[in-house]
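Trainee: Before we start, here is the structure in question, set down as structure tokens.
FYI, it's all coordinate maths here, none of it is from the lab. Values in this document were obtained by computation on a predicted structure and should not be read as measured data. Don't worry about glycine lacking a Cβ; one is built from the backbone with ideal geometry, like all the others, and counts go over all protein chains shown.
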Amino acid sequence: MKETSDYEKDLFSIRTMMERSVKFLSLSGLSGILAGTYALLGSMVVYFILYFPNSPFGFRFHYIDEKSTLLRLILVALFVLIFSLSTGYLLSVRKAKKLSMPIWNFASKQLLADLFIPLASGGLLIIILLAQGYYGIVAPSCLVFYGLALIHGSRSTYEEVRYLGLIEIGLGLACAIFPGFGLIFWALGFGVMHMVYGSIMYFRYDR
């Protein structure tokens, strides 16, 4: 009986070591919560830029082709992205130290490679859409390509990332069906869903 128990422990240790070598397990649930918070704060700023004092639940009353308005929207998106990436990196480094794992290894390199193509192609498409004035499909494109990146990158990290990616794609497609509600879907996808995902990851893996 004792030999069987020791054998199971050895198998578990081997499986854990193999998983750590091929899976990036340093993603922090807290970084997801904070990224969602940044996105919601950014959404509030965009609301004041585009809608205030009108309701965001509907089409805009003013077109956003003004360069100053477009520039402010781009700056808000960049600030949200920079804060989210910085927080994610710092918290991942802290978690990696806690797990006694290097932050830069085969798994992290594979994750970045998996994320690069959908994010890069999506980013280039969004730049083209902005340059051509197709503002109405920018929000759906952000959500869909981000979801594709998460699904592609989930093989190198936690399985929950894949489900988040599917939800992001679903929200992106719904956003395309209901034009004029881009800010609402953007806030749901990048804000609320990140906070829900981050909370699940935190209580499941970080505590």
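Trainee: Could you give the length gained by full extension between Lys67 and Asn105, i.e. 0.36 nm per residue of separation minus their alpha carbon distance, to one decimal place? Intermediate results must be reported in sequence, preceding the final value.
Mentor: Details: separation 38, 0.36 × 38 = 13.68 nm, distance 4.27 nm.
Separation in residues times 0.36 nm, less the Cα-Cα distance, equals 9.4 nm.
Trainee: Mean separation of Cα pairs under 8 Å and 6+ residues apart, divided by the residue count of the range 127-207: what relative contact order is that in percent? Show your work: numbers first, answer last.
Mentor: On the way: 79 pairs, mean separation 24.1, N = 81.
Relative contact order comes out at 30 percent.
Trainee: Residues of the range 141-173 with the amide nitrogen closer than 17 Å to a label point 7 Å from the Cα of Ala120, along Cα-to-Cβ, please.
Mentor: It comes to 145-146, 148-150, 152-153, nothing else.
Trainee: Right, here's the next one. Report the label-to-label distance for Arg204 and Leu90 in nanometres (one decimal), using points 7 Å from each Cα along the Cα→Cβ vector.
Mentor: Distance between label points: 2.6 nm.
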